[in-house]
Amino acid sequence: MIKPDDLKKGAELPAFRKTLDRASIDLYARASGDLNPIHVDEEFARQTRFGGIIAHGMLVLSCIGQMLTAAFGSAWFDRSELYIRFKAPARPGDTLSANGIIRDIRHNDEGIEVVCSISCRNQKGEPVIIGEAKVKIRA
Amino acid sequence: MPIDGEPGIPYTDLKEGFALPTATFRLEASAVADYLKAVGDDGRAYGDLVPPLAVAAFALKALSSSVVMLPGLVYTEAKIELSGVARVGDTIKCFGKVSRKVKWDDFTLLTLAFSIQKQSGETIMKGGTGLILPTSGL
C-alpha cells in the first residue's frame, strides 16, 4: 500500500500487470455468468468486427481494481468513484498493465480524497481502458 | 444473460425509462472464490469483504438476465460510485433502468443506470454502464 507520506500529486500508483489467455477468459465467463459468444465462441467472434475472441470488459477492469487495492487496500471499496471508458478490446495473449497517477489530493473533515488518472494498456502501450478514480480515505 | 432465442424481454422492447426487473442474489463464498480465481486475485487482502467489481459483475449479470440481448454486445463505459461494502453472505438487491437508448443503422447504444443495496436496505453502489448492441451485421 502507498504510505501516507507518499500521497503526492504526480505520484504513480504501483502498476498491476496481467497476461490474458483463453483459459482465464473462459474462467471469467463461467464465474461471471457472461457467456456472450464474443468472449467464448471463436467461430462467432471471428465473424465480428473484432476478428476473434475478446476479453470481457469487466475482466479487464478487474486489473484496475487490483491496482487500486494494491495502492489503497480495501479502503477503496467504500466511498470511492470510478469512471472509465473502454477504448479498445483486449485479446488472448495480451499483457495488460494497469497504471494510475495521483492528480489531486483534497482534504476535508472526513479525511482525504485522492484523485487519480487511471489506465489499462496492452503490451503495445495502446489504451484499453482510460478513466479516473476518486478514493476517499478516512482521517 | 439470455441470448436470442431464450425466454426474456427482447432488447427491442427496452425504452428510455424502462425499469428492469429487480434482481436479488446472495454473495456465496463459492461464487466469490470463482470470481477471484478467474481474475487472478488471491483475495488475501479482503477477508470476507467482496471486491466491488465482483459485486458489479454479479449485479450486471443478474439485471441483464431478464433481457434477451443480441450476441456480440460490448461495453463502452462505466461509472461506479461506492458507498458501502459487501461481504460474503450478504443478500444483494439490484435495480436497473434504461437511461438512454439511441439507434443507428447497424447498432443500438444503451445506457443502463443501476443501484445496488444489501439486505439492510443500505445502498452500497450505484452507477451506469454503456453498451453497444450490434443490430445488423457484426
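The values are calculated or read from the model by the stated rules, or taken from the named source; none is laboratory data. These figures come from a predicted structure and were not determined experimentally. Using ideal geometry, Cβ is built from the backbone for each residue, glycine included, and neighbour counts are taken over all protein chains shown. All accessible areas refer to the heavy atoms of the entire protein, side chains included, with ligands and DNA or RNA removed. Shrake-Rupley method; radii C 1.70, N 1.55, O 1.52, S 1.80 Å.
Key figures
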| item | result |
| --- | --- |
| Sites matching GluC sites (Glu not before Pro) across the range A:1-43 that sit in DSSP coil, with at most 11 neighbouring C-beta atoms within 10 Å | none |
| Gyration tensor over alpha-carbon atoms, chain B, equivalent ellipsoid semi-axes in Å | 28, 16, 13 |
| Shielding by other protein chains, A:12-18, mean Cβ within 10 Å | 1 |
| Average beta carbon contacts from partner chains per residue of A:72-82, 10 Å cutoff | 5 |
| Cβ neighbours within 10 Å from other chains - mean over B:66-77 | 5 |
| Trypsin sites (Lys or Arg not before Pro) restricted to DSSP loop in the range B:1-71 with at most 11 other C-beta within 10 Å | B:Lys15, B:Arg44 |
| A:Ser74 accessible area, assembled protein chains, probe 1.4 Å, Å² | 40 |
| Projected area averaged over orientations for the protein assembly as shown, convex hull of C-alpha atoms, nm² | 14.3 |
| Of the chymotrypsin sites (Phe, Trp or Tyr not before Pro) in the range B:39-134, those whose Cβ has at most 10 other Cβ within 10 Å and which sit in DSSP loop | B:Trp104 |
| Alpha-carbon radius of gyration plus Dmax, which is the widest Cα pair, for chain A in Å | 16.6, 56 |
| Solvent accessible area, Å² - A:Arg138, 1.4 Å probe, full protein context | 150 |
| Inter-part distance where the range B:42-121 and the range A:101-132 are each reduced to a Cα centre, Å | 21 |
| Max mean-square fluctuation residue, GNM over chain B, Cα-Cα springs under 10 Å, options B:Val102, B:Val67, B:Val85 | B:Val102 |
| Dipole of the protein assembly as shown [Lys/Arg +1, Asp/Glu -1 at C-beta], most positive-end residue of A:Gly131, A:Phe50, B:Val67 | A:Gly131 |
| With Cα atoms, 0 to 90° folded angle of helix A:57-72 axis to chain A main axis | 30 |
| Unit Cα scatterers, Debye sum, the range A:11-74: log10 I(q)/I(0) for q = 0.18 Å⁻¹ | -0.69 |
| Area of A:His107 that stays accessible when all protein chains are in place (1.4 Å probe, Å², to 10) | 150 |
| Pair B:Asp42, A:Ile112: separation of 7 Å Cα→Cβ label points (nm) | 2.8 |
| Considering only chain B, percent of DSSP beta bridges that pair antiparallel, nearest 5 | 95 |
